[in-house]
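A short reminder: the numbers here are calculations on the coordinates, not readings from a lab. Small disclaimer: the values here were computed from a predicted structure and weren't measured. As a convention, Cβ positions derive from the backbone with ideal geometry for all residues, glycine included, and neighbour counts pool all protein chains shown.
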């Protein structure tokens, strides 16, 4: 506790850095996986390929990826861009499957009924498919969010600061309190972001609540 | 007026859903298409709002070929009710009812007020407007489905086994309600069912279909019951079964109608 109080400023800076590193990949994962997932759900042929490709991508170990990205994209090795890109790749790989599942989960009878009463193609996507895929999308996004928050810590291995810096620094200097703080802070960030996503979901999808005002 | 001009629907697999079907449905009348599953009745219904495109032949509404119309516009101009309502689970009851006016760009408070009136028209308490479909009973959902179909004041209502998923008592109630609405509104209704009693109860004109959408007999319920065209029809309407061979017996001063098994069905006045 004394270590935390003595190093509050550093923790705060690292926390901010951590958030800046983990939020963009979460957003990118959702936006990039949406079109791929829709296509995957609609075309079973492409779908099988995309699913295999995305799970293979997710299986690439983190360190080689962090080294490969600067080579492929021309970023400096120790840059936030490298970490954000790597985590976006993992996020998209994870999210594509959930997105495809989400859109496949929409009851075809409901889609048909919507078409029959006069929904156009675009209206069908925005007003029927997307909201009804919402609950499964959200479940997938929560996994991506939590996994991204914890993965950001490995950025510290290539010298990009975040809460992971507390782990590497703590290990090197043998400060147990620092390591524990790093772990606890990461978990707290993950839980808070997860809670926020859940709250946003409740707000946007009131029909999923069990006790909607009767 | 809806006209089917020798329409066929043959799927790429070679399966024939409907073959050379022709029928004229006059305006402001109820036509029931009745037959066992696989007779093509739903296919025929779905041809009217272009959910199914005929392989050959034409469907005309008020003498205009619907193939020339914009499919989305056409569907918005026709009321459609399907089994278990086909309501959107993520929309409130009111939003479900005013779906079509909103799709047409009418979003104002007048539309919402009209939606609440429609709920009353179909016998629902407007207080349920803010609920979601899952919070309603099957019968209530079905009524909402009817209200939605009426929201844009279409001339034509297509009903695809709308009361198939509710229990017999509620089903009877909904049938009575539909008859009441029809005397009030005078729509052209095409009603698909596999239940001959329902077809007779609701139809001004009843079309009995055998497989492939071939018409076994068409006519008023009286015509079909009194003179079934062939054994298929008489089997289907159950004319030879005890349930429809009725006779009267007089006990003291009351005349009681009994079926072939001697079970009393009612009192003759």
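Give me B:132, A:58 sorted ascending by neighbouring Cβ count inside 10 Å, so fewest comes first.
A:58, B:132
Between residue B:135 and residue B:113, what is 0.36 nm times their sequence separation minus the Cα-Cα distance? Round to one decimal in nm.
Here the segment from residue B:135 to residue B:113 would lengthen by 5.7 nm.
Work out, step by step, the length gained on full extension between residue A:72 and residue A:104: first 0.36 nm times the residue separation, then minus their alpha carbon distance; give nm to one decimal.
Taking 0.36 nm per residue and subtracting the Cα distance, the gain is 8.1 nm.
State, to one decimal in nm, how far the label point of residue A:43 lies from the label point of residue B:127, with both points 7 Å from Cα in the Cβ direction.
So the label points at residue A:43 and residue B:127 sit 5.3 nm apart.
When ranked by the protection proxy of mean other Cβ atoms within 10 Å per residue, highest first, what sequence do the peptides B:140-151, B:214-225 form?
B:140-151, B:214-225
Can you give me the relative contact order of chain B as a percent, contacts being Cα pairs under 8 Å and 6 or more apart?
Once divided by the residue count of chain B, the mean separation gives 23 percent.
Give the separation of the Cα centroids, the range B:49-109 to the range B:156-209, in Å.
19 Å
Roughly how far apart, in whole Å, are the Cα centres of the range A:153-212 and the range A:1-20?
Cα centroid of the range A:153-212 versus Cα centroid of the range A:1-20: 13 Å apart.
Could you work out the mean count of beta carbons from other protein chains within 10 Å of each residue's beta carbon in A:65-74?
0
Just from its helices, what would the mean residue ellipticity at 222 nm be for chain B, if runs of 4 or more DSSP H residues each count -39500 (n - 2.57) and the sum is divided by every residue, rounded to the nearest 500 deg cm²/dmol?
That calculation yields -9000 deg cm²/dmol at 222 nm.
Could you list B:200, A:103, A:125, B:163 so that the one with the fewest beta carbons within 10 Å of its beta carbon is first and the one with the most is last?
A:125, B:200, A:103, B:163
In the range B:149-269, what % of DSSP beta bridges are antiparallel (nearest 5)?
Around 75 percent antiparallel, to the nearest 5.
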